[in-house]
């Protein structure tokens, strides 16, 4: 069941007690007037005669229509403060979690960096490095170093196509720097 809405008219502004705000019967408009002066003689929205000053209430919810959302928030200041505090805490928690994840990535590096370091080292060892075509490269981190494996198609010294599989051990030195400590290749 819906509650009946307050009639359109000028009421004390829920956010600024020193001014009036126009209620269009469904919600607050952007139209305001000083509370010390009588309400405008014309409806700021329709241009029709406005409600009289008698329609301005100063009792209860700071002049808000009884069933309005503004009345709820005006009456429940603790709820507003609690909602604001919860939002601040949520943003803070998200920031801390993001910083933790970034710090963890800084310690171990990332998968793409480890794969790139390994592929660069394997490519440098090929007879025809410019023909290298890597596929299926994966990396697993054990907390201290990365184990990278995959395969590479390239040409041999005679121009024939060959496929090699490779396994590398890669350490994250810092920032975007990786060190390949071991490379094993197998001709297929």
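Which one is surrounded by the fewest Cβ atoms within 10 Å (Cβ to Cβ), of the residues in segment 144-174 that are in contact with a strand residue (DSSP E or B) (Cβ under 9 Å, 6 or more places away or on another chain) and assigned to a loop (DSSP other than H, G, I, E, B)? It would help to see each step written out before you state the result.
The initial filter retains those residues of segment 144-174 that are in contact with a strand residue (DSSP E or B) (Cβ under 9 Å, 6 or more places away or on another chain), namely 144-157, 159, 161-173.
When the remaining residues are screened for being assigned to a loop (DSSP other than H, G, I, E, B), the result is 144-145, 156-157, 159.
Numbers: 144: 9, 145: 20, 156: 14, 157: 7, 159: 9.
Selected residue: 157.
On the stretch given as segment 1-13, residues that are more than 9 Å from residue 35 (Cα to Cα), at pLDDT 85 or above and part of a loop (DSSP other than H, G, I, E, B) total 2.
Within segment 134-150, being touching a residue at least 12 places away in the same chain (Cβ under 8 Å) and farther than 13 Å from residue 116 by Cα holds for 141, 143, 144, 145.
The values are calculated or read from the model by the stated rules, or taken from the named source; none is laboratory data. Because the structure is predicted, anything quoted here is derived from the model rather than measured. As a convention, Cβ positions derive from the backbone with ideal geometry for all residues, glycine included, and neighbour counts pool all protein chains shown.
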